[in-house]
Amino acid sequence: AIPEFARDVMLMHAVGMRVVVVHGGGPQIGELMDRLGKITEFRDGLRVTDADTLDIARMVLVGRVNRDIVSAINVHAPVAIGLSGQDAGLITASARSPELGYVGDVQEVNAGILDRLMAQDLIPVIATIGSDDEGQAYNINADTVAGAIAESLRAEKLVYLTDVEGLRAEFDDPSSLIRTIAADGLAAMLTDGSLTGGMIPKVRSCLDAVRGGVSRAHILDGRLPHALLLEIFTPEGVGTMVTP
C-alpha cells in the first residue's frame, strides 16, 4: 500500500539514504482502459501503445499515481517532488519497435537534475514517460527506467517491488525462491525461457544495472509489510538479491 511504502521511504531518507522512487502504473492504466472500452495487448510483458493509450498512460502515471505517491510521502515531511521523464530532459527516449507503437527505450538519463534535487535533501518521484528530441512522448516500462536511472546514478542498490516474493527457480513453486543470484546466472535464466511476462523486463534491467555499475539489485514482494526495510536492514533479506 502507498501509505506504508511512503513511511518506509521516509525512514530510509531520515537515516541519510538518498532515495529515488521510480513508478509505473500498469494495473491503474489497465483499469482506466477497461472503463473506456479500450482493448489492451501485451507483447513480452510490454503494453502495445497507440496514441490514445499513450494519452491514458500519461494521465494515469503523471496525473494520478505520481501525485498519490508524492502526497503520501509529503504527509510526513515536505521532501518529495514529482517528475516525469519529460521534465528537464530527464529521460530521452526512442521508439522500441513499430509493433509496440509509442513504447520507448531509454536513450539517455540526465542524472544531473536528480543529483541537484537530492543535494537539496529532496526525494525525486519519477513517472516513466520520456520524450525524443522532437518532443514526442513515449511510455517506457518502469523496470527499464529504474535500471537506467540506477546505472546513471551509480546507485548502491536498485530495488524492484513486485507481486511475487522474488525470483523463483520454478515459476509455479513458491518454495523455489532464489535468495541470491549472480549476473551470469540471471542471464542464463533469461535465455533458457524460465522467465515469463512481466518478470522479463525486471530481470533484463536488473542485469543491465549490475553489469553497468550498480552494486546490488533486489526483487521483492511489495505486498509484504515493510519489505523494503526488511531487505535493506536485515542480513537475510526477504526477496532475491542480484550481484554482479
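Within the group Asn110, Asn141, which residue is touching a strand residue (DSSP E or B) at 6+ places or on another chain (Cβ under 8 Å) and either open to solvent by 50 Å² or more (accessible area, probe 1.4 Å) or closer than 26 Å to His76 by Cα (or both)?
Values: Asn141 fails: either open to solvent by 50 Å² or more (accessible area, probe 1.4 Å) or closer than 26 Å to His76 by Cα (or both).
Going through Asn110, Asn141 in turn, the sole match is Asn110.
Can you work out which of the residues in the range 210-236 that are small (Gly, Ala, Ser) and out of contact with any Phe, Trp or Tyr (no Cβ under 8 Å at 6 or more places or on another chain) is farthest from Ala148 (Cα to Cα)?
Here is the first cut: in the range 210-236, the residues small (Gly, Ala, Ser) are 212-213, 215, 217, 222, 227.
Filter once more, keeping what is out of contact with any Phe, Trp or Tyr (no Cβ under 8 Å at 6 or more places or on another chain): 212-213, 215, 227.
Working: Gly212: 9, Gly213: 11, Ser215: 14, Ala227: 23 Å.
So the residue we want is Ala227.
Write out, first by first residue and then by second, each pair whose Cβ atoms fall under 7 Å of each other, whose residues are 6+ apart or on separate chains, and whose first residue, in the range 156-171, is in contact (Cβ under 8 Å) with a residue 60 or more places away in the chain while the second is in a loop (DSSP other than H, G, I, E, B) and of a type in the set (A, V, I, L, M, F, W, C).
Listed by first residue and then by second, the contacts come to Leu158/Val214; Gly166/Ile178; Leu167/Ile178.
So which residues in the range 76-87 are in contact with a Lys or Arg (Cβ under 9 Å, 6 or more places away or on another chain) and more than 18 Å from Gly147 (Cα to Cα)?
Scanning the range 76-87 gives His76, Gly82.
Can you pull out the residues in the range 94-107 that are part of a strand (DSSP E or B) and either more than 14 Å from Val22 (Cβ to Cβ) or free of Cβ contacts under 8 Å to residues at least 40 places away in the same chain (or both)? So that I can check it myself, show each step before the final result.
If we filter the range 94-107 for residues that are part of a strand (DSSP E or B), which is where we start, we get 94-95, 101, 103-107.
Hits for the range 94-107 are Ser94, Ala95, Gly101, Val103, Gly104, Asp105, Gln107.
Might you let me know whether the range 175-196 holds any residue that is at pLDDT below 90 and under 25 Å from Ile2 (Cβ atoms)?
The answer is no, given that none of the residues of the range 175-196 is at pLDDT below 90 and under 25 Å from Ile2 (Cβ atoms).
Please specify each residue of the range 201-244 satisfying the condition of being of a type in the set (Val, Ile, Thr), touching a helix residue (DSSP H, G or I) at 6+ places or on another chain (Cβ under 6 Å) and open to solvent by 20 Å² or more (accessible area, probe 1.4 Å).
The answer is Val238, and nothing else.
The values are calculated or read from the model by the stated rules, or taken from the named source; none is laboratory data. Keep in mind the model is a prediction, meaning the values are calculated, not measured. For neighbour counting, all protein chains shown are included, and Cβ atoms are generated from backbone atoms with ideal geometry for every residue, glycine included. The area values use the complete protein model at the heavy-atom level, side chains included, leaving out ligands, DNA and RNA. Shrake-Rupley method; radii C 1.70, N 1.55, O 1.52, S 1.80 Å.
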